[in-house]
Amino acid sequence: MQISIIGQGRMAQAIQLHLQKAGNTVELIGRDAPETLAEIVILAIPYTAHQEWITHHQHKLDNRIVVDISNPVNFATLDELIIPAGQSAAKQLQDKLPRSLVIKAFNTTSAFMLNNGTVGDRDLPTVLIASDHEKAKQQLLKALEGSSLNALDIGHLKQANQLEALGLLQMHLVKNGLVERIGGFSLQGLKT
């Protein structure tokens, strides 16, 4: 599968390695995206950069699967989400991109976890996936097959606000020294 990742930071690079391991062709792209993007586009840029990036590149995302990995948190304090209650960054993105198929994923798996290949020292990281677009979710799940990551479809895009709250909690735990950087939540007993 062809995948474009917008961003070149630690998360973008960690996701790229797993997707390439699964046999996909993955291109890391800076914020100045080319005119043509792959069928799956992963936005590995901060939530606060979404609006500006979308303003300049929205037409390039028409009929594309757009994966939002952002965590809309106050990075100065890591103690609150910076979106209205009941909202999510992914839902806001879907509203701005009505001709795109938006998925929330990867926001609960840190770059440290992904690079380590485990959560702590035992479980594979689990990519939790939420979207209102079933075929798009199946495409992402297929792209992750063989990646040494677990992946789980958790339901509709409305679950994205729960994923973003979980992402905030994991960051808070790491910041306060309660969990190692490679630590966090994992799922056991997944049905296959």
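Taken together, the values in this text are just the output of simple stated rules run on the coordinates, not laboratory data. All values reported here derive from a predicted model rather than from experimental measurement. Note that each Cβ is placed from the backbone with ideal geometry, even for glycine, and that neighbours are counted across all protein chains shown.
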Q. If you compute Cα Rg over 2.2 N^0.38 Å for the structure shown, which of (i) 0.95; (ii) 1.17; (iii) 1.10 do you land on?
A. (i)
Q: Might you report the magnitude of the Cβ-based charge dipole of the chain about its Cα centre, with Lys and Arg at +1 and Asp and Glu at -1, to the nearest 20 debye?
A: 180 debye
Q) Using alpha-carbon positions, what is the distance between the centroids of the range 1-73 and the range 136-158, in Å? A) 16 Å
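Relative contact order (percent) for the range 1-123, with alpha-carbon contacts under 8 angstrom and 6 or more residues of separation? Don't skip to the answer; put the middle values down first.
Numbers: 187 pairs, mean separation 29.7, N = 123.
It rounds to 24 percent for the range 1-123.
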Q. From the backbone phi of the range 124-138, what are the Karplus-calculated ³J(HN,Hα) couplings (6.51 cos²θ - 1.76 cosθ + 1.60, θ = phi - 60°) in whole Hz, Gly and Pro given as x?
A. 5, x, 10, 8, 8, 10, 10, 5, 8, 10, 4, 5, 5, 4, 4
Q. Given the options Lys175, Lys104, Lys137, which has the most mean-square fluctuation in a GNM of the chain, springs set between C-alpha atoms less than 10 angstrom apart?
A. Lys175
Q.
Among Gly30, Gly86, Gly117, which one shows the highest mean-square fluctuation when the chain is modelled as a Gaussian network with alpha-carbon springs under 10 Å?
A. Gly86
(Q) Multiplying the sequence separation of Gln51 and Arg122 by 0.36 nm and subtracting their Cα-Cα distance, what value in nm do you get? (A) 21.8 nm
Q. Quick one: Cα convex hull volume of the range 8-85, Å³ per residue?
A. 120 Å³
Q) Taking Lys135 as the anchor, which lysines have their alpha carbon closer than 16 Å to its alpha carbon, excluding any fewer than eight residues away along the same chain? A) Lys104
